[in-house]
Structure formats: structure tokens, C-alpha cells
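First the structure, in the form of C-alpha cells, and then the observations on it.
FYI, it's all coordinate maths here, none of it is from the lab. The structure displayed is predicted, hence computed values, not measured ones. Quick reminder, even Gly has a Cβ in these numbers, built from the backbone with ideal geometry, and neighbours come from all protein chains shown.
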Amino acid sequence: MMKTMNINLSINGKEFEINVDVRKSLMDVLRDKGYTSVKHGCGVGECGACTVLVEGTPLDSCLYLAVWANNKAIRTVEGECKDGKLTVVQEAYVEEGAVQCGFCTPGLIMCSTAFIEQNSVEDLTSEEIRKAHAGNLCRCTGYQTIVNAVKTAAKK
């Protein structure tokens, strides 16, 4: 017998009350709600394609149960733009050519956003940026453009 639970989620500032199977991942719930920037990559927390911010912390939503997100604020790339204007991080990714095929980009942008929000942006080293993004895999960019994008965004 499937056990379900009613949960309350704040997704990009929009409130939802959802009845979910207690075994369902946050990634699946978000995708079911139309947040398709949350990609299903590896499904085991290795690639970071499903990274979202939960209470400001980047997490692999494929490993995070939806019930754990009850009464928490969740941010996805869809909620970052305001009035059709890209965020500083998104603009920097475009400016530095850090967007290639795009599959990993939403998760990387959310990771970069959290990194900049949670750290002093003075004198960021490439090593610090790489370490902060270690849970996000990209097969296209070689990572230097991502590091450059974070540095560019931090300066703005």
C-alpha cells in the first residue's frame, strides 16, 4: 500500500499544497509541476543536473525526498528571472560562453547563485569556485568558462 502525505512547498515564491507518495523525490515533484529546468541526469546525485536551492542551499533534488521539503522555500532557474530580465549570474554565463548544450546549465546556475550569495565575492580563486561546483558535471565546457562566469558575476 502506497503511503502519501500532504506537503506545502514554496517554489519560486509560489505556494503549493501537494499530496505526494512519501518515496517521491523532489526532482519528480518539481518536474510534475512543470519545472523542467530540473533535469533528470544520473538519478544518483553524481551529476548535479537536478540541483535546486532549498532554503538557499544547493541540493541534488533527485536524492532529496519531496516530504523533506515540506514548508521550505525552493528555487529553480525558472524563478530567477524577474520581469524577463536575466540575473547577473545568468548574464555572466551567456557573456563568458559557459552555456554549451545547456543540459547541466540550470543546475550549475543554481549552484553558482548559492555560492555567490553565501560567500564574500572579494578575491574569489578559481580553486574555490571549482570546489564549490564539484558536484556538477559538464561534458561540454571544460569548466574554465564556468569559473570565468562566476568571477564575472561576482564582480557585478
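When the helices in the chain are scored as -39500 (n - 2.57) per DSSP H run of 4 or longer and the sum is shared across all residues, what 222 nm value do you end up with, to the nearest 500 deg cm²/dmol? Can you show the working numbers first?
Values: 5 runs with 48 residues, N = 156.
When only DSSP H runs of four or more count, the value is -9000 deg cm²/dmol.
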**Request:** Quantify how much of the Cα-Cα distance distribution of segment 27-81 extends past 12 Å, in percent.
**Result:** 61
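Could you tally the net charge around Asn71, taking each other residue with its Cβ under 12 Å from the Cβ of Asn71, Lys/Arg +1 and Asp/Glu -1? Kindly include the intermediate steps, with their values, before the conclusion.
Numbers: positive: Lys72; negative: Glu15, Glu17, Glu55.
Net local charge, Asn71 excluded: -2.
Treating only the Cβ atoms of Lys and Arg (+1) and Asp and Glu (-1) as charged, compute the dipole magnitude of the chain about its Cα centre; round to the nearest 20 debye.
Computed charge dipole of the chain: roughly 300 debye.
Scale the Cα Rg of segment 1-54 by the rule-of-thumb value 2.2 N^0.38 Å and send over the ratio, two decimals. Before the final figure, lay out each step's value.
Values: Rg = 11.8 Å, N = 54, 2.2 N^0.38 = 10.0 Å.
That ratio works out to 1.18.
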**Prompt:** Quick one: Cα centre-to-centre distance for segment 131-156 and segment 104-123, in angstrom?
**Reply:** 9
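Which of Lys39, Lys82, Lys24, Lys155 comes first, and how do the rest follow, when ranked by fewest Cβ neighbours within 10 Å? If you can, show how the numbers build up before the last one.
Details: Lys39 21, Lys82 8, Lys24 18, Lys155 11.
The order, fewest Cβ neighbours first, is Lys82, Lys155, Lys24, Lys39.
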**Asked** Can you give the angle from 0 to 90° between the axis of helix 105-118 and the longest principal axis of the chain, with both taken from C-alpha atoms, to the nearest 10?
**Response** 80
**Neighbour-count order for Asp83, Asp28, Asp21, fewest beta carbons within 10 angstrom listed first** = Asp83, Asp21, Asp28
**Fill in**
Over all viewing directions the Cα convex hull of segment 1-154 casts an average projected area in nm² of 9.0
**Request:** Using every pair of alpha-carbon atoms in segment 88-155, split the distances into 10 Å bins beginning at 0 and state the percent of pairs per bin, rounded to integers.
**Result:** 24, 63, 13, 0
**Complete:** Label model pair Leu63, Val44: point-to-point distance (7 angstrom along the Cα→beta-carbon line) in nm is 1.2
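Fewest first, what order do Arg23, Arg31, Arg75 take by the number of other Cβ atoms within 10 Å? Provide the component values of the computation, followed by the final result.
Values: Arg23 12, Arg31 17, Arg75 20.
So the residues, fewest neighbours to most, are Arg23, Arg31, Arg75.
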**Request:** Report, in debye and to the nearest 20, how large the dipole of segment 4-79 comes out about its Cα centre when Lys and Arg carry +1 and Asp and Glu carry -1 on their Cβ.
**Result:** 60
**Asked** Applying 1/(1 + (r/R0)^6) with R0 = 22 Å to the Cβ-Cβ distance of Asp21 and Glu117, what FRET efficiency is obtained, to the nearest 0.05?
**Response** 0.10
